[in-house]
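Worksheet: one structure, shown below.
Values quoted throughout were computed directly from the atomic coordinates according to the rules given, and no laboratory measurement underlies them. Source: prediction; values computed, not measured. Note that each Cβ is placed from the backbone with ideal geometry, even for glycine, and that neighbours are counted across all protein chains shown.
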Amino acid sequence: MSAALLPLVQLDIRSRRGGTCESEDGFCPDWIVDNLDRYVSPLLEHVVLTMVSVGIGFAIAFAVALLAHRREWVSAPVGALTSVLFTIPSVAAFLLLVPLTGLGPLTAIVALVGYTQVFLFRNMVNGLSNVGEETKDAARGMGLTERQLLWRVELPLAVPEILAGLRIATVTTVNLATLAFFAGAGGLGAQIYTDITFRSNVVVAGGLAILLAALFDLLILGGQRLATPWRRAAAA
Amino acid sequence: MADQHRQAAVVEFDHVTKRYDAPTGRDKGKPTPGAVNDLSMKVPAGKICILVGPSGCGKTTTMKMINRIIEPTSGTIRLQGEDVTGSPPDELRRRIGYVIQQVGLFPHLTIADNVATVPRLLRWDGSRTRARVDEMLDLVGMDPSIYRGRYPKELSGGQRQRVGVARALAADPPVMLMDEPFGAVDPIAREKLQNEFLRLQEDIGKTIVFVTHDIDEAIKMGDRIAVLRTGGKLAQYASPAELLMYPADEFVEDFVGADRALKRLALQRVRDIDLWTAATVRSGEPVAEARRKIAEADIDIPLVVDDHGRPQGWLSERGLAGERVRPELRSRAEPLVELDDVLRDALADLIESEVHYSPVVDPDGCLAGVLSLEVISQSLHVPPERARTSTELVEPAGDDAVSAEIEPA
Amino acid sequence: MNAVAGTPPFAANAFVEAIEFLITPRESVTGGVQVGGVDEMLTLTANHMLLSAAAIAIACLVALPLGLWLGHVGKGEFLAISASNVGRAVPTLALIAFFIAFLGLGFLNVLAALTLLAIPPILTNTYVGVRGVDRDAVDAARGMGMTEPQIVRRVELPLSLRSVFGGVQLSAISVVATAILGPLASVETLGTPIVSVNVYGQAGLLGASILVAALAILINALLGVAQRALTPRGLKAGRSEAPGILRRIPFLQRQGSAQPT
């Protein structure tokens with residue numbers, strides 16, 4: 001059974017014909033242009049891993065943060081748990097989950113969701129609790145129910161902080177997902193790992209991961225600008 | 001404008017008590033801050049009732065029990081005869097305006113959306129809400145076309161406070177609660193906001209419960225003042241004049257301050273006090289007739305008036321030398337005090353002009369009496385049942401409105 | 001292997017075997033050599049710690065003075081803040097791979113990569129910590145005649161120590177985690193049984209994973225304790241800048257403020 005657990009992807013044995021870019025591990029734009037298509041499916045796997053993990057992580061963190069907002073005692077143990085989870089090296093987390101959830105995207109997603117929590121949960125709880133007492137006092141005094149207070153006042157005002165947490169969580173997830181191949185989930189990391197000494201390969205796969213992180217970051221930042229017009233108003 | 005909106009409600013406290021857990025440790029034995037002890041009082045409809053007292057005296061607690069932000073331990077609070085616990089807190093609060101010191105505008109909503117908060121909670125339709133928002137912004141002196149779409153961040157402190165008042169008034173609540181509403185702005189802006197608010201209140205005539213720790217603000221703004229002492233006991237509930245003249249005990253006396261007599265001067269108008277009379281003579285009038293009038297008057301110097309009764313000046317002895325009065329003035333009729341002047345300003349005029357008497361004229365400019373330092377001094381010693389203030393003069397008749405007595409506790 | 005993917009094997013067995021691997025040496029999968037056992041694991045752990053400690057120490061030597069100086073003069077905010085953002089966006093695997101592909105294998109290259117990884121969190125947190133020091137305290141220090149270096153040493157550093165430690169903790173977490181990839185560049189660490197799973201077997205892979213996870217949690221906890229011991233007592237009582245939950249997550253508390261929002 002030990003062999004069955006082997007998660008490492010079968011290494012591509014490259015044909016090393018003399019004089020080619022590949023055989024010399026070189027950095028060759030020509031090779032990159034010719035071979036871009038081999039990065040398409042790892043990139044898509046990477047995007048899916050990231051979006052699914054962050055999406056599920058967001059939903060979980062949101063639900064728990066709302067609970068912690070109502071019942072204060074919840075936030076301390078949950079916060080401590082998320083920070084311990086964050087401490088575990090991701091490679092170890094992926095590998096330790098394999099015997100429980102098997103090789104494949106599921107295992108990777110379970111671990112990645114865990115890593116998002118520390119940023120998402122913390123920022124949600126902080127965002128909700130940073131709403132000024134005077135604002136809440138005024139809202140209650142005008143007859144907003146607790147539910148209306150949450151949805152019309154506290155959550156909108158927490159949006160910047162929640163989205164800041166989402167940005168960190170997403171960029172971190174893109175980063176950690178490069179190691180998701182340890183859980184047998186592919187991604188750009190698998191592509192790097194298969195040929196780690198080949199410069200062209202490392203540059204393209206690593207570069208795509210960085211670009212992906214930057215793209216997500218900018219998208220969320222743009223969304224945040226749109227969602228919070230009041231923050232751009234000039235102070236009197 | 002606002003007569004059709006003019007609705008107000010009586011607020012009654014009936015043996016209301018709020019207890020908090022007793023302080024422990026170092027503070028053991030001290031009174032719990034914010035507690036209220038067996039409070040009974042009635043705020044008449046359409047009046048401004050000020051809750052004032054040192055910090056921790058329970059004034060804010062008292063106010064917040066009206067809209068059930070804080071629930072009393074025992075006792076009943078009634079709004080226009082109806083127990084406030086009779087309806088859910090949220091519904092109750094939508095019928096009560098609420099203004100706090102830090103204003104608490106929603107930073108993520110525009111000014112218009114802020115003002116529209118309660119109308120939307122009450123599901124008013126869009127056009128009615130929009131019209132109301134503009135009306136409210138106009139009412140507090142903010143041009144809707146300029147400010148409607150702005151965010152709170154873009155306003156000054158005073159403007160934010162105005163929007164806070166507009167927001168509180170938006171659904172036309174019969175009662176408004178104001179918690180140190182002008183405490184966070186600078187003294188000059190505060191004075192302006194206070195004056196604006198008093199003018200506004202003349203229009204809207206709401207029942208207002210107003211918390212402050214500033215006795216001067218209380219005297220300026222209040223129709224009725226409830227002084228609370230530490231421990232949440234009502235020390236005195238009276239009109240500003242009564243409070244200044246007859247503080248119930250040493251605590252109230254200390255709290256209103258050593259200069260309470262001077263504060264009273266700022267409160268009473270010349271028309272509120274009994275003026276002296278002076279003989280009025282006209283040029284060419286028989287001297288015998290003039291001397292008869294002089295004998296009847298409170299002061300022995302006659303005033304020369306014109307054909308309309310407007311004072312010209314004080315007559316000299318030589319003017320009475322012949323058969324007929326000759327217009328020989330010893331001095332001009334200055335300073336001229338008006339009936340609507342507050343005593344403080346009138347007194348300042350007297351002192352500044354270094355005169356003993358000053359003619360008082362009515363709005364037409366006709367002589368209404370003579371003011372002197374003695375008159376002012378006497379007015380400070382009138383017994384309470386005769387102490388009047390201008391605000392009480394305009395009080396509408398009606399049992400509910402004027403009976404604002406402290407019920408026996 | 002494909003046949004087995006998706007059907008989780010009996011998990012408890014795997015973990016028991018992994019623990020056994022950590023304690024008792026066994027013959028390698030390839031045969032011929034003994035692998036695992038306390039001795040080898042201790043050696044690998046020591047290597048892992050040494051590599052990590054060296055990277056963090058060098059990173060501190062670089063980032064601390066730089067962060068203190070930038071924070072003190074209030075310049076380079078963009079550099080100090082975006083260091084973290086960029087650092088977060090570069091996958092650790094890609095970083096190691098760049099070094100291997102362009103500079104080759106070996107201890108120094110891995111050390112350089114890990115140091116590069118460790119610098120941004122320390123730099124950002126130091127900068128943010130110093131900027132967060134009450135300007136009145138700094139003015140008072142200057143008013144009393146402290147020189148600028150004295151202000152940094154006696155006022156700004158002690159007052160920003162919590163934040164600095166938060167950065168060191170973040171760095172430690174990612175360095176310890178990334179040192180697992182050391183064997184890719186022929187540097188023996190706790191990652192060796194993972195990378196060379198064909199020699200160490202599945203038990204070795206799981207055993208090393210357990211060990212490295214425990215090690216990371218332990219190091220983080222120790223840094224937390226050290227931080228508490230070094231924080232000036234005046235800052236511990238009634239501190240108000242970290243409300244609620246943040247107080248209980250020391251290593252992350254300053255991080256949020258490092259994010260441009």
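Computed from backbone phi, the HN-Hα couplings of the range B:104-114 come to x, 5, 7, x, 8, 10, 5, 4, 4, 5, 4 Hz, rounded to whole numbers (Karplus: 6.51 cos²θ - 1.76 cosθ + 1.60, θ = phi - 60°; Gly and Pro given as x). Dimensions of the range C:40-257 along the principal axes, based on C-alpha atoms and rounded to the nearest Å, stand at 66, 36, 26, largest first.
Computing FRET efficiency as 1/(1 + (r/R0)^6) for residue C:226 and residue B:362, where r is the C-beta to C-beta distance and R0 is 56 Å, gives about 0.10. The phi torsions of the range B:167-181, fed into the Karplus equation with coefficients 6.51, -1.76 and 1.60 and a -60° offset, translate into couplings of 5, 5, 8, 4, 9, 6, x, x, 10, 10, 10, 10, 9, 6, x Hz, rounded to whole numbers, with Gly and Pro shown as x. Applying Stokes-Einstein at 20 °C and 1.002 mPa s to the Kirkwood radius of the range B:271-384, computed over alpha-carbon pairs, gives a translational diffusion coefficient of 149 µm² s⁻¹.
When shorter helices are ignored and each DSSP H run of at least 4 residues is given -39500 (n - 2.57), the per-residue value for chain A at 222 nm works out to -22000 deg cm²/dmol. A simple spin-label model places the labels of residue C:61 and residue B:249 7.6 nm from each other, with each point 7 Å out along Cα-to-Cβ. Among the residues of A:201-214, the average count of other protein chain beta-carbon atoms within 10 Å of the residue beta-carbon is 4.
Roughly what % antiparallel, to the nearest 5, for the DSSP beta bridges in chain B? DSSP beta bridges in chain B are roughly 55 percent antiparallel. Between residue B:146 and residue A:44, the modelled labels are 5.9 nm apart [label points 7 Å from Cα along Cα→Cβ]. Were the residues from residue C:137 through residue C:153 laid out at 0.36 nm apart, the gain over their Cα-Cα distance would be 4.4 nm.
Charges on Cβ only, +1 for Lys and Arg, -1 for Asp and Glu, centred on the Cα centroid of the protein assembly as shown; of B:213, B:20, C:115, which one is farthest towards the dipole's positive end? Projecting each Cα onto the dipole axis, the largest value belongs to C:115. Taking amide H positions as modeled 1.01 Å from N, with prolines and chain starts lacking one, the residues under 5 Å from residue C:35 and 5 or more places away or on another chain are C:26, C:27, C:28. In order along the range B:308-325, the phi-based Karplus estimate (6.51 cos²θ - 1.76 cosθ + 1.60, θ = phi - 60°) of 3J(HN,Hα) comes to 8, x, 7, x, 9, x, 7, 7, 8, 4, 5, x, 9, 6, x, 7, 10, 5 Hz; Gly and Pro are listed as x.
Under Stokes-Einstein, with the Kirkwood radius over Cα pairs as Rh, the value for the range B:155-216 at 25 °C and 0.890 mPa s is 202 µm²/s.
The calculated Kirkwood hydrodynamic radius for chain A is 20.1 Å, given to one decimal from all distinct C-alpha pairs. Here the Debye sum runs over all C-alpha atoms of the protein assembly as shown as equal scatterers in vacuum, and log10 of I(q)/I(0) at q = 0.05, 0.07, 0.10 Å⁻¹ comes out as -0.47, -0.75, -1.12. Placing unit charges on the Cβ atoms of the charged side chains and taking the dipole of the range C:1-105 about its Cα centre, the candidate lying farthest along the positive direction among C:73, C:53, C:16 is C:73. Inter-chain Cβ neighbour count for B:105-112, averaged per residue, equals 6 (cutoff 10 Å, partner chain atoms only). Here the simple spin-label model places points 7 Å from the Cα toward Cβ, and for residue C:108 and residue B:293 these points are separated by 11.8 nm. Only Cα sites of the range B:6-132 enter the Debye sum here, all with the same form factor; the resulting log10 I(q)/I(0) across q = 0.10, 0.15 1/Å is -0.42, -0.85, listed in q order. Once C-alpha pairs closer than 8 Å and six or more residues apart are averaged by separation and normalised to the residue number of the range A:40-235, the relative contact order reads 29 percent. Across chain B, the longest run free of exposed loop sites, meaning trypsin sites (Lys or Arg not before Pro) lying outside DSSP classes H, G, I, E and B with no more than 12 other Cβ atoms within 10 Å, spans B:124-409.
Placing a label point 7 Å from the Cα of residue C:26 along the Cα-to-Cβ direction, the residues of the range A:88-114 whose backbone N falls under 16 Å from that point are A:99. For the range C:24-104, trypsin sites (Lys or Arg not before Pro) meeting the loop criterion (DSSP other than H, G, I, E, B) and having at most 12 other Cβ atoms within 10 Å: C:75. Taking amide H as placed 1.01 Å from N in the peptide plane, the amide H of residue B:179 sits under 5 Å from that of B:99, B:100, B:101, B:211, each at least 5 places away or on another chain. Relative contact order of chain B, taken over Cα pairs closer than 8 Å and 6 or more residues apart, is 18 percent. Annotation: chain B has a Kirkwood hydrodynamic radius of 24.0 angstrom, from the mean reciprocal C-alpha pair distance. Dipole size of the protein assembly as shown about its Cα centre, with +1 on Lys/Arg Cβ and -1 on Asp/Glu Cβ: approximately 2640 debye, rounded to the nearest 20. Of the residues C:207, A:60, B:86, the one whose Cα sits farthest toward the positive end of the charge dipole of the protein assembly as shown, with +1 on the Cβ of Lys and Arg and -1 on the Cβ of Asp and Glu, is C:207.
In a solvent-free Debye calculation with one equal scatterer on each Cα, what is log10 I(q)/I(0) for the range C:58-137 at q = 0.13, 0.17, 0.18, 0.20 Å⁻¹, listed in the order of the q values? Results for the range C:58-137 at q = 0.13, 0.17, 0.18, 0.20 Å⁻¹ read -0.45, -0.68, -0.73, -0.84.
Residue by residue along C:193-206, Cβ atoms of other protein chains within 10 Å of the local Cβ number 4 on average.
Over the range A:10-143, what is the mean sequence separation of C-alpha contacts under 8 Å (at least six apart), divided by residue count, expressed as relative contact order in percent? Value for the range A:10-143: 29 percent. By the compact-protein rule of thumb, 2.2 N^0.38 Å, the alpha-carbon radius of gyration of the range C:32-71 corresponds to a ratio of 1.91. Residue pairs exceeding 26 angstrom between C-alpha atoms, taken from B:233/B:263; A:136/B:220; B:263/B:293; B:18/B:263: A:136/B:220; B:263/B:293; B:18/B:263.
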